[in-house]
Amino acid sequence: MKLELVIGNKNYSSWSMRPWVLLRQAQIPFKEVQLKFTDAGKPAGVDPYSPTGKVPVLIVDGEPVWDSLAICETVAEMHPEKHLWPEAPEARRMARSVCAEMHSGFQGLRGAMGMNIRSSHPGKGMTPDSRRDIDRVIALWTGCRERFGGAGSLLLGRFSIADAFYAPVVTRFQTYAVKLPRVAQEYCEAVLALAAVREWCDAARRETEFVAADEPYATR
């Protein structure tokens, strides 16, 4: 089965990071197709790949699967041997819930602290809404670690879709130097140590494109 993953700029595209990290960390072969965002915020050349005009898109034998959550569910279904959702039903329900909350919520955090891996903006973007979202993320991470972390260092112990979904949040906390309690900080360090996350972040730092819409705290 041939897989192609269409993504945007690695420095900016949190939605693209999730399935890319999932596939790479799980060692599932795929071809990367990277499109770059224009100043209008749309990836140049995306229309032949995506029915929504957005990234990411997973092309499976020529057929598109769009939306990061649908992509990750598809990958998990295609590769049950990878155990990308936790095997225990209770942990699996928790993992699905925290992914769905990330997928649909945290607008305050997204809006005030956009993903920008190559930059450093300590203290920027801290608003009442982003602070509330940060507190909720910390609560989710703490609950996952306490209930299902076990001997592992990730949310549900071993790597899962949940970790891929929160990897962009980890990079945000690093960019904006968000102070975190010990459990959350240790989780961030574990995510940043993942081989796939290191590879993505290294590539993001090498990018030179400047998209003004994604750079509210910088000048060209």
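The values are calculated or read from the model by the stated rules, or taken from the named source; none is laboratory data. Everything numeric here is computed off the predicted structure, so don't read it as measured data. Virtual Cβ from ideal backbone geometry, glycine too; neighbours counted across all protein chains shown. Surface areas here come from the heavy atoms of the whole protein model, side chains and all, with no ligands, DNA or RNA. Shrake-Rupley method; radii C 1.70, N 1.55, O 1.52, S 1.80 Å.
Treating only the Cβ atoms of Lys and Arg (+1) and Asp and Glu (-1) as charged, compute the dipole magnitude of region 10-62 about its Cα centre; round to the nearest 20 debye.
Using only the charged Cβ atoms, the result is roughly 180 debye.
Size of the dipole of region 12-110 about the Cα centre, Lys and Arg at +1 and Asp and Glu at -1 on the beta carbon, nothing else charged, in debye to 20?
Charge dipole of region 12-110: 320 debye, to the nearest 20.
Most mobile of SER160, SER68, SER120 per a Gaussian network model of the chain (Cα springs, under 10 Å)?
SER120
For the chain, with only Lys/Arg (+1) and Asp/Glu (-1) charged at the beta-carbon, what is the dipole magnitude about the Cα centre, in debye rounded to 20?
That gives a dipole near 580 debye.
Using the Karplus curve 6.51 cos²θ - 1.76 cosθ + 1.60 with θ = phi - 60°, what ³J(HN,Hα) values do you get for each residue of region 12-20, in whole Hz, with x for Gly and Pro?
Each residue of region 12-20 in turn: 10, 8, 5, 5, 5, 4, 4, x, 4 Hz.
How far is it, in nm, from the label point at ALA139 to the one at ALA70 when both lie 7 Å from their Cα along the line to the Cβ?
3.1 nm
Could you pull out every residue, at least 5 positions away or on a different chain, whose amide H is within less than 5 Å of the one on GLN34? Hs are placed 1.01 Å off N in the peptide plane, and Pro or chain starts have none.
Residues meeting the criterion, in which the H sits 1.01 Å from N, are ILE7.
Just the accessible area per residue of region 75-190, please: how many Å² with a 1.4 Å probe?
That works out to 45 Å² per residue.
Looking at the chain only, what percent of DSSP beta bridges run antiparallel? Nearest 5 please.
70 percent
Can you give me the % of accessible surface on region 25-85 that is carbon or sulfur? Probe 1.4 Å, all protein chains present, nothing else counted.
52 percent
Positive end of the dipole of the chain, charges at C-beta (+1 Lys, Arg; -1 Asp, Glu), about the Cα centre: which of ALA70, SER14, GLY150 has its Cα farthest in that direction?
Checked the options; the winner is GLY150.
Past the 24 Å Cα-Cα mark, which pairs from LYS54/LYS179; LYS10/LYS54; LYS36/LYS82; LYS82/LYS179?
Over 24 Å Cα-Cα: LYS54/LYS179; LYS36/LYS82; LYS82/LYS179.
Residue by residue through region 41-56, which ³J(HN,Hα) values in whole Hz follow from phi under the Karplus form 6.51 cos²θ - 1.76 cosθ + 1.60 (θ = phi - 60°), with glycine and proline marked x?
x, 9, x, 5, x, 7, 4, x, 9, 10, x, 9, x, 10, 10, x
Wrap a convex hull around the Cα atoms of region 18-88, take a quarter of its surface area, and give that in square nanometres.
5.2 nm²
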